[in-house]
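Here's the structure, in structure tokens; my notes come after.
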Amino acid sequence: MAEEVNDEADMEFVNEHSDYVEKTKIKNAAVKKIRDAKIEQEREIIFEIILKSYQDAMRKMISKIKEAVKRFPRVQNVLKGTAIMITTKEEIPNPLEGNSFPGIMQILYDRYHKKTFVGFTNSLIEAMSWTLSENDTNKSPQKGVSEVEQMFALWERRNLWEQMTKDIFWTAILLKGLHPKAVFRRDVITEVNKFIKNNEDLYKNQDSENSGSKLPVFRFAADFITTEQDNRRLASQPNLDSNQKANPGSGNERSSWSYNNKQRQFGNTEQASAAVEETLLASDKNGKRFSGEVLKTQNIFVQDERNNFKHHYVAVKKLSSICAKCFPENIKDKNTCVPKECYRAKCNKCNMFGHRHFNCLQSHKADGSAIN
């Protein structure tokens, strides 16, 4: 009996000990889980504090950006577009009004901070055109050192020097030499940008020596300019009628040009001018647009599709810019002018005077905002 009692006690002890060990394991696991949970909670609290700080900082930056772009309606329109995030490919519509700081920064980076030929050329022209006034040179030449160091810091920050290759440098010099008011200068820049976009490897590698041809971008710009000039020479050649073909040696021939079903006589100079105007008319019809004012003296022509009538294309912000006689600043100075030559219509598309909406060739409105 005593042995049986001892055996039962031993068995009971073993069972209770096993139960104790198991419960101890559960307790230790629970303590560890609580400790890990507290650590995770503390980490989440820290993350929340950091994210709130970032959120407050982004609110302040968005507020500063909105305040800064109030004076620039064109930039506002850009920031109201759709941002495509470079990492997630997420589309964020109208980040400016939606207060999306990542979307705003993505658009600003894509539009103004990426390495582009236009950005580099503008910076290069600005650096090469820099001068110090005579007064500052004599009295405070140290100002020049400061300004040059600021430009140098800008180049370092944007890594512009990496783009300083023979090809891009000489292309920028060529474009810099074209007169900024000439429409043709913008055409050349547009075509060069198209060429670079279609041949991105030429621009990314920036290695003219190892490319298929030396200075490919510069060579394209030079060929385009040469081709355009040859085309204008060909277009300026007058068409000879049968009488002129029979008398090629006569110096008194005058070629006639049909204009609105009326025959007008032109000399050699007028013929060349008319041909250039026709070329400009054709180029405008090919989709080229003007971002600023277009004066009558630029000799840009458009064709009225309703009656097939060609007339000057004008786009100005003030009526007085069309004709100082017909539309003077002071009504007392009003005078007569050639009838029907000064067209006062206002386009409801760009809000400029001198043309109607169906002949509008503007890319931007009178206030500077882009036309959709």
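Odds and ends about this structure:
- Pairwise label distance in nanometres, N122 with F101, each label 7 Å out on the Cα-Cβ vector: 2.5
- Nitroxide proxy distance, nm - points 7 Å out along Cα→Cβ at T190 and L154: 2.7
- Stretching the chain fully between Q142 and A182 yields a gain of 10.7 nm (0.36 nm per residue, less the alpha carbon separation).
- Segment 62-133: trypsin sites (Lys or Arg not before Pro) falling in loop per DSSP and having at most 12 other Cβ within 10 Å: K89, K114
- Stretchable slack from K325 to V31, in nm (0.36 nm times residue separation minus alpha-carbon distance): 96.4 nm
- With a cut-off of 14 Å between beta carbons, the residues surrounding I50 carry a summed charge of -2, where Lys and Arg count +1 and Asp and Glu -1.
- Spin-label model distance (nm) - I45 vs R59, 7 Å beyond Cα toward Cβ: 2.2
- Note that segment 221-230 has calculated 3J(HN,Hα) couplings of 4, 5, 5, 5, 4, 5, 5, 4, 5, 4 Hz, one per residue in order, obtained from phi through the Karplus relation 6.51 cos²θ - 1.76 cosθ + 1.60 (θ = phi - 60°); glycine and proline are x.
- In the structure shown, the pairs K181/K317; K181/K365; K52/K89; K197/K349 are assessed against 21 Å; a Cα-Cα span above that value is assigned to K52/K89; K197/K349.
Rule-based calculations on the coordinates, nothing more; no lab input. As the structure is a prediction and not an experimental result, all values here were calculated from the model. Please note: Cβ atoms are built from the backbone with ideal geometry, for glycine as well, and neighbour counts cover all protein chains shown.
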